[in-house]
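**Student:** Encoded as structure tokens, here's the structure I'll be asking about.
The values are calculated or read from the model by the stated rules, or taken from the named source; none is laboratory data. Model, not experiment: these values are computed from the prediction. Cβ atoms come from the backbone with ideal geometry, glycine included; neighbour counts cover every protein chain shown. In case anyone asks, the SASA skips ligands and DNA or RNA and just uses the protein heavy atoms, side chains included. Shrake-Rupley method; radii C 1.70, N 1.55, O 1.52, S 1.80 Å.
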Amino acid sequence: MTQPVPLKVVIIGGGTSGYMTAAGLVALVGSAVASVRLIESDDIGTVGVGEATLPQIKEFNDALGINEAEFMRETKASFKLAIEFRDWGRIGNSYLHPFGAFGQPVRGVEFQHLWARARKMGMTTPLEAYSYAIVTARQLRFDFPSDNRQSLKSTFSYAYHFDAGLYAAYLRRFGEARGLVRTEGKVTSAAQAPDSGRITSVTLESGEVVEGDLFIDCSGFIGLLIGREMKAEWESWTPWLPCDRALAVPCERAGDFTPYTRSTALEAGWQWRIPLQHRTGNGYVYASSFISDDEAAARLLGNLDGAALADPRPLRFSAGRRKKSWTRNCIGIGLASGFLEPLESTSIYLVQIAVMNLIALFPTRAWNPGLATEFNRLMDIEYERVRDFLILHYHANSRDEPLWTHMREMTVPDSLTARIEQFRHRGHLVRYRDGLFNPASWLAVLTGQDIVPEGYDRLADSLDEDTIRTKLEEISERIAVNVDIMPTHADFIRDYCYIPPVRESEGVPA
Ligand SMILES: Cc1cc2nc3c(=O)[nH]c(=O)nc-3n(C[C@H](O)[C@H](O)[C@H](O)COP(=O)(O)OP(=O)(O)OC[C@H]3O[C@@H](n4cnc5c(N)ncnc54)[C@H](O)[C@@H]3O)c2cc1C
């Protein structure tokens with residue numbers, strides 16, 4: 001029997017999404033099924049930000065067989081256990097959204113109900129004392145979670161902060177070693193079959209014509225193929241997420257070497273702080289209708305830990321997504337398919353899930369249209385879940401600047417209203433099968449933004465007060481004792497993945 005000819009896949013774009021797609025395809029689909037060619041233009045460049053991730057990135061790297069310590073060394077990465085939200089909800093507030101659970105269920109009763117009942121009993125221990133990830137993060141420590149599912153130490157996970165440019169370069173080397181063909185050049189046009197409307201080839205500025213069967217558009221905000229050629233409709237979510245600009249600036253490493261990202265709410269948006277081994281990434285994401293670019297730049301530069309290493313780099317965007325990011329034989333991945341501000345570090349996750357969905361639904365030349373329908377359905381769910389979660393951060397606030405008043409008073413999607421009400425009423429956290437975020441994430445942000453349940457699941461009343469008190473004290477004490485003996489984040493990184501020598505004055509990696 002003759003083998004089918006491999007599908008010719010052409011990827012436009014060599015940013016994080018282009019190289020994650022390419023690496024995923026060459027490693028997990030293989031050359032017998034697909035040949036992969038990536039075209040990118042060094043003249044155009046990449047967006048160059050995107051340094052904080054979610055724990056799912058580890059699953060992606062593991063699936064590709066990437067060695068963690070090597071990858072962290074090459075991308076100058078640090079560990080990330082949580083995101084700290086400062087001044088969100090109200091000025092002076094600080095809470096962490098951890099990668100992991102709060103406590104453990106007791107006799108089938110979910111932990112947040114036990115905690116709510118304990119509060120009514122007069123216990124005042126804050127929720128974060130029951131989170132392994134938060135207690136570790138607050139103490140600037142790190143250790144790997146346990147593999148033993150019975151252990152409390154298995155109740156957290158971790159992600160990375162890394163240099164996005166170095167990650168793309170790392171994946172490029174990974175891909176090229178496995179058959180990826182990379183072409184430098186600028187795509188100027190595309191040809192479509194008159195009958196099917198499918199793309200048949202793209203033409204480069206040099207005149208070279210590159211034919212393909214499947215075209216993956218990773219060209220960034222411009223959406224070269226999925227937008228311009230396929231005319232896939234864009235659904236705007238700016239009424240709910242009005243931030244439309246960012247200024248990004250790296251600074252010298254200084255201050256705490258935090259195993260978490262920091263997000264500080266400001267008058268017209270928020271500022272990120274992402275510590276890498278060799279520098280700290282910073283940026284101000286803001287709504288241009290509430291602050292001028294000059295004011296935003298001054299605010300950002302006034303808030304850095306160390307000396308700026310470059311001028312602030314401006315970026316423009318708008319929140320939304322393509323309604324059909326798979327249209328005919330073209331799939332938009334990354335910024336070409338949608339954008340949600342980086343408040344919860346979700347963009348690289350959305351790239352990853354698109355790549356994994358594509359691999360699971362990988363087409364043949366028979367072009368079953370059901371594959372695209374299913375891909376688009378799955379991606380819709382992902383985007384909408386993230387959208388609601390982001391809006392929650394803005395909406396539940398008691399700040400008084402114009403942006404924050406506007407966000408508090410606006411009408412939010414019905415899906416979010418329903419979630420908030422279920423939690424407020426009796427601490428119920430809705431679970432879903434697909435998409436981010438899990439109930440612990442919602443619990444962290446809902447309570448962090450001062451939404452406290454009025455009641456709890458009556459099942460919590462099936463346990464007597466002593467049992468609840470003893471269990472809760474046991475959990476917080478075990479976490480505290482175990483975290484106390486963990487290495488610091490700086491020491492862990494130093495031993496695990498090479499970094500330059502330590503500057504003794506700071507006690508953190510230089
Ligand atoms: C301010 C900001 C902060 C962010 N922070 C985070 C974060 O912390 N975590 C996170 O997960 N995500 C973050 N993101 C999102 C993240 O940066 C992107 O998801 C990620 O970089 C993927 O971008 P991309 O590869 O889709 O596009 P790009 O990086 O823009 O790459 C586009 C590629 O297409 C090529 N190209 C374009 N036109 C042509 C052409 N005509 N011919 C040939 N090649 C072409 C370019 O040369 C480039 O290689 C952030 C985004 C912004 C704007």
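**Student:** Among bridges DSSP assigns within the chain, what percent are antiparallel (round to 5)?
**Tutor:** 70 percent
**Student:** On to the next question. Relative contact order of segment 230-305: what whole-number percent is it, with Cα pairs under 8 angstrom and at least 6 residues apart?
**Tutor:** Relative CO of segment 230-305 lands at 33 percent.
**Student:** Need one word for segment 35-169: rounded, prolate or oblate. Basis is the Cα gyration tensor (sqrt eigenvalues a ≥ b ≥ c); a/c below 1.5 gives rounded, then a/b vs b/c decides.
**Tutor:** It comes out prolate by the Cα gyration axes.
**Student:** Carbon and sulfur together cover what percent of the accessible area of segment 245-316 at a 1.4 Å probe radius?
**Tutor:** Ligands and nucleic acids excluded, carbon and sulfur give 47 percent.
**Student:** Let me ask something additional. Tell me the per residue accessible area of segment 245-316 using a 1.4 Å probe; a whole number in Å² is fine.
**Tutor:** Accessible area per residue, segment 245-316: 36 Å².
**Student:** Is there a pair in 8/231; 58/324; 58/120; 76/231; 186/324; 76/323 whose C-alpha atoms are over 32 Å apart, and which pairs would that be?
**Tutor:** Where the Cα-Cα span goes over 32 Å, the pairs concerned are 58/120; 76/231; 76/323.
**Student:** Something else about it: Rounded to the nearest 500, what is the 222 nm mean residue ellipticity of the chain from helices alone, with -39500 (n - 2.57) per DSSP H run of 4+ residues and division by all residues?
**Tutor:** Mean residue ellipticity, 222 nm, calculated: -10500 deg cm²/dmol.
**Student:** Using only Cα atoms, tell me the angle between helix 439-448 and the longest principal axis of the chain; keep it within 0 to 90° and round to the nearest 10.
**Tutor:** The two axes meet at around 60 degrees.
**Student:** Oh, and also: In terms of modelled amide H atoms, which long-range or inter-chain residues lie less than 5 Å from the amide H of residue 7?
**Tutor:** Placed amide hydrogens put 34, 35 under 5 Å from residue 7.
**Student:** Further, regarding this structure: Applying 1/(1 + (r/R0)^6) with R0 = 56 Å to the Cβ-Cβ distance of residue 228 and residue 461, what FRET efficiency is obtained, to the nearest 0.05?
**Tutor:** Approximately 0.40, to the nearest 0.05.
**Student:** What order, most packed first, do the peptides 280-286, 221-227 have when packing is the mean number of other Cβ atoms within 10 Å of each residue?
**Tutor:** Ranking, from highest mean packing down: 280-286, 221-227.
**Student:** Give me the accessible area per residue for segment 3-112, probe 1.4 Å, as a whole number in Å².
**Tutor:** Heavy-atom accessible area per residue stands at 35 Å².
**Student:** Another one. Suppose R0 equals 41 Å. What FRET efficiency, 1/(1 + (r/R0)^6) with r the Cβ-Cβ distance, do residue 478 and residue 254 give to the nearest 0.05?
**Tutor:** The pair residue 478/residue 254 has a calculated efficiency of 0.75.
**Student:** 5 Å is the cut-off here: which amide hydrogens, built 1.01 Å from N in the peptide plane, fall below it relative to residue 260, excluding neighbours closer than 5 in sequence?
**Tutor:** 81
**Student:** Which of the aspartates and glutamates could be linked to residue 153 by a straight reach, that is with a Cα gap under 12 Å, when you skip same-chain ones fewer than 8 residues away?
**Tutor:** 143
**Student:** With a 1.4 Å probe and every protein chain left in place, tell me how much accessible area residue 464 has, in Å² to the nearest 10.
**Tutor:** 90 Å²
**Student:** Could you give me the ³J(HN,Hα) list for segment 456-466, computed from phi with Karplus coefficients 6.51, -1.76, 1.60 and θ = phi - 60°, whole Hz, x at Gly and Pro?
**Tutor:** With the stated coefficients, segment 456-466 comes to 8, 5, 4, 4, 5, 6, 6, 9, 7, 4, 4 Hz.
**Student:** Mind running the shape call on the chain? Use the C-alpha gyration tensor, a ≥ b ≥ c as the square roots of the eigenvalues: rounded below 1.5 for a/c, prolate if a/b tops b/c, oblate otherwise.
**Tutor:** Prolate, because a/c is 1.5 or more and a/b exceeds b/c.
**Student:** Hey, another quick one. Give me the net charge for the shell around residue 401: Cβ to Cβ below 14 angstrom, other residues only, Lys and Arg +1, Asp and Glu -1.
**Tutor:** -1
**Student:** Considering amide H positions built from the backbone, and no H for Pro or chain starts, which residues 5 or more places from residue 161, or on another chain, come under 5 Å of its amide H?
**Tutor:** Counting only residues 5 or more places away or on other chains, the set is 78, 79, 80.
**Student:** I've got another one for you. Just want to confirm a number: the relative contact order over the chain, from Cα pairs under 8 angstrom separated by 6+ residues, in percent.
**Tutor:** Here the relative contact order equals 21 percent.
**Student:** Please list 265-277, 83-95 highest first by mean number of surrounding beta-carbon atoms within 10 Å per residue.
**Tutor:** The peptides rank, most packed first, as 265-277, 83-95.
**Student:** Here's a follow-up. Under 11 Å from the Cβ of residue 436, count the other residues' Cβ atoms, weight Lys and Arg +1, Asp and Glu -1, and hand me the total.
**Tutor:** Once positives and negatives cancel, what remains is -3.
**Student:** I've got another one for you. Can you give the Kirkwood hydrodynamic radius for segment 245-316, in Å, rounded to one decimal and based on Cα pairs?
**Tutor:** Answer for segment 245-316: a Kirkwood hydrodynamic radius of 12.1 Å.
**Student:** What is the packing order of peptides 322-331, 250-259, taking the mean over residues of other C-beta atoms within 10 Å and listing the highest first?
**Tutor:** In decreasing order of mean packing, 322-331, 250-259 become 322-331, 250-259.
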